[in-house]
Amino acid sequence: MSPQPALNRNDLRQYDLLADQWWEPSGEFAALHWIAASRGELLPAAPPEGGWLLDVACGGGLLAPHVPRGYRHVGIDLVESALALAAANGVETLRADALTLPFPDRSFHVVVAGEILEHVTDLDAVVAEICRVTRPGGWVIIDTIADTRWARLSLVAVAERLPGGPPRRCHDPELFVDPARLQELFAAGGVEMRFHGLAPSPLQYLRFAATRKGDVTMRRTRSLAGLYAGKGHRRPGGVGAAATSSDIEAALRGAT
Ligand SMILES: C[S@@+](CC[C@H](N)C(=O)[O-])C[C@H]1O[C@@H](n2cnc3c(N)ncnc32)[C@H](O)[C@@H]1O
């Protein structure tokens with residue numbers, strides 16, 4: 001059980017209270033490990049000359065083991081304790097808000113936003129920022145939770161009480177994300193997004209619930225009513241050159 005029942009839903013302080021749980025495969029963030037593995041499968045290979053990947057709200061850096069070779073994995077988040085763990089796991093970190101990404105336009109070959117869109121109070125601004133910092137021809141990978149009755153029941157009322165489910169009061173269902181609206185927002189930013197649903201493998205989950213051991217594969221589903229993932233391509237071309245590695249390195253040093 002989470003030790004912070006007094007906190008409001010979606011209170012960032014819970015990530016400090018649960019900092020020792022990030023890298024516990026069967027701890028409070030177990031499902032984030034399973035989702036990070038499935039997110040990793042959507043990542044394209046890095047360009048031969050190397051590429052830049054931005055992990056928006058990287059948390060403790062759980063995506064790091066799943067990033068293909070050849071990328072520089074940059075992570076931003078608001079919580080220092082999470083950033084310290086991400087850095088210890090090879091992520092180049094910067095404390096920043098997803099609403100105002102501190103990078104030049106057209107910086108990243110890949111931008112990942114895993115389990116963050118359902119936590120932000122200005123979805124339009126965050127999606128616009130993601131599109132802005134993605135290079136033309138680059139990729140955006142997301143996963144989030146749909147604003148449906150089913151998601152409120154299964155992922156909040158029930159899953160918060162199940163082993164491997166999200167920590168209690170982690171989510172504010174008011175912020176859950178309508179897939180059709182999300183698709184429109186990305187399209188407005190030049191990113192054509194395709195979604196699929198995600199659900200844990202039932203047998204593996206039952207074994208995990210009984211033993212608190214073993215990985216759980218997230219399977220693709222057709223339903224977008226609960227947890228869902230997307231991969232989108234930013235249209236090539238357009239006005240303006242991509243940012244250089246020096247530009248991005250300067251932003252990482254806080255020099256822009
Ligand atoms: C559910 S965790 C997901 C972490 C990571 N993406 C993963 O999947 O393992 C949500 C993360 O979003 C971060 N966060 C919440 N609001 C944020 C914001 N406005 N800007 C940056 N990070 C934020 C939290 O600190 C937390 O690390």
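The values are calculated or read from the model by the stated rules, or taken from the named source; none is laboratory data. What you are looking at is a predicted structure, and each value in this text was computed from that prediction instead of being measured. Quick reminder, even Gly has a Cβ in these numbers, built from the backbone with ideal geometry, and neighbours come from all protein chains shown. These accessible areas exclude ligands, DNA and RNA; they are computed on the full protein's heavy atoms, side chains included. Shrake-Rupley method; radii C 1.70, N 1.55, O 1.52, S 1.80 Å.
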Query raised in the report: How would GLU115, GLU41 line up by accessible area, probe 1.4 Å, largest first?
Result: GLU41, GLU115
Report task. Could you pull out which residues in region 123-163 have an amide N less than 14 Å from a spot 7 Å beyond the Cα of ARG9, following the Cα-Cβ vector? Result -> 145-161
Report task. Taking all protein chains together and a probe of 1.4 Å, list THR134, THR121 from the most accessible to the least accessible. Result -> THR121, THR134
Query raised in the report: Where does helix 179-188 land angle-wise versus the long Cα axis of the chain, in degrees 0 to 90, nearest 10?
Result: 10 degrees
Report summary line: Under a 1.4 Å probe, counting only protein heavy atoms, THR100 has an accessible area in Å², nearest 10, of 90 Å²
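In Å², and per residue, what accessible area does the chain have when probed at 1.4 Å with the other protein chains present?
On the way: 11850 Å² over 256 residues.
For the chain, the per-residue accessible area is 46 Å².
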Query raised in the report: Using helices alone, what [θ] at 222 nm do you get for the chain, with -39,500 (n - 2.57) per DSSP H run of 4 or more residues, divided over all residues and rounded to the nearest 500?
Result: -7000 deg cm²/dmol
Query raised in the report: Tell me, what is the 1.4 Å probe accessible area of GLU49, in Å² to the nearest 10?
Result: 150 Å²
Query - Modelled FRET efficiency - R0 45 Å, ALA210 with VAL239, Cβ distances, 0.05 increments - result: 0.20
Query - Carbon plus sulfur fraction of accessible area for region 16-65, probe 1.4 Å, in percent - result: 53 percent
Query raised in the report: What fraction of the Cα pairs in the chain, stated in percent, has a spacing above 35 angstrom?
Result: 10 percent
